[in-house]
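What follows is one structure encoded as structure tokens, with my remarks underneath.
Taken together, the values in this text are just the output of simple stated rules run on the coordinates, not laboratory data. The shown structure was predicted, so the numbers you read here are calculated from the model rather than taken from an experiment. Positions of Cβ are backbone-derived with ideal geometry, glycine not excepted, and every protein chain shown enters the neighbour counts.
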Amino acid sequence: MAKNKTTETTASVEEFITSFVDSEQKRNDSYKLIEIFRSLTGFEPKMWGPTIIGFGSYHYEYDSGHEGDAPLAAFAPRKDSLVLYFATVYKNREALLSQLGKHRSSKACVYVKKLSEIDLNILCIMIVNSMNDTKKLYPAKSLDDF
């Protein structure tokens with residue numbers, strides 16, 4: 001089986017933002033997102049792959065046998081947008097997206113140009129709902145399982 005490309009690294013989040021995020025607006029928004037994600041998850045930011053800033057992690061295993069680890073909550077400051085990563089299904093997804101503000105979305109991503117164009121309270125609810133549903137779908141293994 002192919003190795004997962006997106007894995008937690010030891011790279012510096014601060015260095016990534018200062019060195020690779022060109023726009024001052026995106027840098028400022030990235031720092032604001034770090035504050036939000038840190039407060040909601042209780043985890044410190046870590047780099048996942050070269051461009052994703054993740055908080056916490058969970059282990060997944062699909063029926064196909066493919067398995068790996070992924071960040072519990074994450075975002076990536078890209079040239080065009082801030083990409084926010086969510087579970088593909090979570091409580092009130094469509095209703096929350098309709099209240100979020102200016103964005104584009106795909107199955108697991110929400111694309112935002114500027115944080116000032118969205119409702120941060122709705123974003124916080126989306127993050128919490130996504131994390132809660134991910135934790136239910138992929139509960140942490142206890143020592144009793146070994």
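Order of Val110, Val128 from fewest to most other C-beta atoms within 10 Å?
So the ranking, lowest neighbour count to highest, is Val128, Val110.
Which residues does the label zone of Glu117 cover in the stretch 18-58, counting backbone N under 16 Å from a point 7 Å along Cα→Cβ?
23-30
Would you please state the base-10 log of I(q)/I(0) at q = 0.16, 0.21 1/Å for the chain, with intensities from the Debye formula using one equal scatterer on every alpha carbon?
Debye curve over Cα of the chain, log10 I(q)/I(0) at q = 0.16, 0.21 Å⁻¹: -0.88, -1.44.
Just to verify a number: FRET efficiency for Ser23 and Glu94, C-beta to C-beta distance, R0 = 25 Å, to 0.05?
Using R0 = 25 Å, I get an efficiency of 0.25.
Please give the calculated 222 nm ellipticity per residue for the chain, where each DSSP H segment of at least 4 residues contributes -39500 (n - 2.57) and the sum is spread over every residue; nearest 500 deg cm²/dmol?
Result for the chain, helices only: -11500 deg cm²/dmol.
Near Ala87, within a Cβ-to-Cβ distance under 14 Å, what is the net charge of the other residues, with Lys and Arg +1 and Asp and Glu -1?
+3
Taking the alpha-carbon centroid of each part, what is the distance from the stretch 1-80 to the stretch 95-110 in angstrom?
19
Taking 28 Å as the cut-off for C-alpha to C-alpha distance, list the pairs among Lys26/Lys136; Lys32/Lys79; Lys5/Lys102; Lys79/Lys135 that go past it.
Lys26/Lys136; Lys5/Lys102; Lys79/Lys135
Less than 17 Å from a label point 7 Å out along the Cα-to-Cβ axis of Leu137: which backbone N atoms in the stretch 36-56 qualify, by residue?
So the set is 55-56.
Neighbouring Cβ atoms within 10 Å as the yardstick, rank Lys113, Lys79, Lys46 fewest first.
By the 10 Å Cβ count, ascending: Lys79, Lys113, Lys46.
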